[in-house]
Amino acid sequence: MQVKFMLGILLIGGGALAAEYVLVKWYPYYEGYKAKKVLEALPYQNAALGIDMQVAAGIYGKVDDFPGGVRIYRSHLFSSGPVLIITSQANPNDAEEFSPELLAKWETAGTYQDIPDYRFDHTKIQGRDAVMIWRSAEHAKVLPAISFDVSSTDNPELVTAHIISPDHIVQANCRPGSSDPQLFLRACEESIRSIKVSGPPTKGKPEPGVLELKTVKPIK
């Protein structure tokens, strides 16, 4: 009985030490390796949409083109996988920036439409005027012409970006899915922030108090 008892203690102690080793040593290494593989940037270009970008490998699985857009996604066996949908349309006004009225509409949509966890950021993406919006997938209906199957996801967060150039207005929508949502949300954000929209370079605004001088030919 004493021998069996000692063997039991040794087995339990050995199991505890093995579990501690896995948690302390192996698991952080695995998490870092997984993040590296998911976030690895893969080049993607679509001349029809006027975009050139780097898509996270964890999202870049299959590519389905449709009129005016593309759907990039990766299927997961036991959970809903990430989906990136990008649409593009011509810029009828050749504007380099979004209008103040449209920016105000996007910024206040969370309040007026009562959207949970709504976040808005007026930013620059690859030198272009852009807006990034985070929201719950329950309100995906506010995204025109974009369809997500949110019935099977445990993480209903979506990230949307609007990017403008004189030639194109691009909209990117990404759902991270339910498998490690924080990591795949980062994959969504990094993929979206890499989008380069074709068109002439942004001129930018002159600094306050600085006049733009034009070259005038001398009168002969």
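So here's what we get for this one:
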item	result
Checklist (1) modelled with pLDDT of 95 or more; (2) out of contact with any helix residue (DSSP H, G or I) (no Cβ under 8 Å at 6 or more places or on another chain) applied to TYR33, failing item	(1)
Members of segment 91-109 found to be touching a residue at least 24 places away in the same chain (Cβ under 8 Å) and either of a type in the set (Asp, Glu) or more than 22 Å from SER191 (Cα to Cα) (or both), listed by number	ASN91, ASP94, ALA95, GLU96, GLU97, LEU103, ALA109
Criterion (aliphatic (A, V, I, L, M) and more than 13 Å from ILE163 (Cα to Cα)) met by exactly one of ALA95, ALA109, ALA130, ALA90	ALA109
Every pair of residues 6+ apart whose Cβ atoms lie under 8 Å, when the first sits in segment 44-58 and is closer than 17 Å to ARG71 by Cβ while the second is part of a loop (DSSP other than H, G, I, E, B) and of a type in the set (Lys, Arg)	GLY58/ARG74
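The values are calculated or read from the model by the stated rules, or taken from the named source; none is laboratory data. Given the structure is predicted, the values throughout are model-derived calculations rather than measurements. Neighbour counts run over all protein chains shown; Cβ positions are idealised from the backbone, glycine included.
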